[in-house]
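Below is one structure, written out as structure tokens; comments come after it.
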Amino acid sequence: MKQSITVITLTFLITSGVSFATAKAGLWEKAASLLDTTVETTSFTIEAKGWNLRGYEFVTPTGARCVSMTGTKKGGLSCDFSQDWTKSKE
């Protein structure tokens, strides 16, 4: 009986260890960014010959309006700090 409990416990510990080791990818990033502010984004697709391009537009908490373009091989980010984009225009 003791031997079967020991075998079950060891099997559980080894399985848990393997599962944790393979699933820990990104755990530190998730824990470190747990309290970060989430910024709402608007995504759009750009039709271009021979490229898979995606665009994302967002306003940072500091009020800058940014556009990020990503593609198969390259990407870029451009931000406009000229006015506070968080304020609504009335």
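Structural remarks
- Residue list for segment 39-72, filter: part of a loop (DSSP other than H, G, I, E, B), modelled with pLDDT of 75 or more and open to solvent by 50 Å² or more (accessible area, probe 1.4 Å): E40, P61, T62, T72
- Among the residues of segment 62-85, just one is touching an Asp or Glu at 6+ places or on another chain (Cβ under 8 Å) and of a type in the set (D, E, K, R), namely R65.
The values are calculated or read from the model by the stated rules, or taken from the named source; none is laboratory data. This is a predicted model, so every value here is computed, not measured. Positions of Cβ are backbone-derived with ideal geometry, glycine not excepted, and every protein chain shown enters the neighbour counts. Remember, those area values only see protein heavy atoms, side chains included, never the ligands or the DNA or RNA. Shrake-Rupley method; radii C 1.70, N 1.55, O 1.52, S 1.80 Å.
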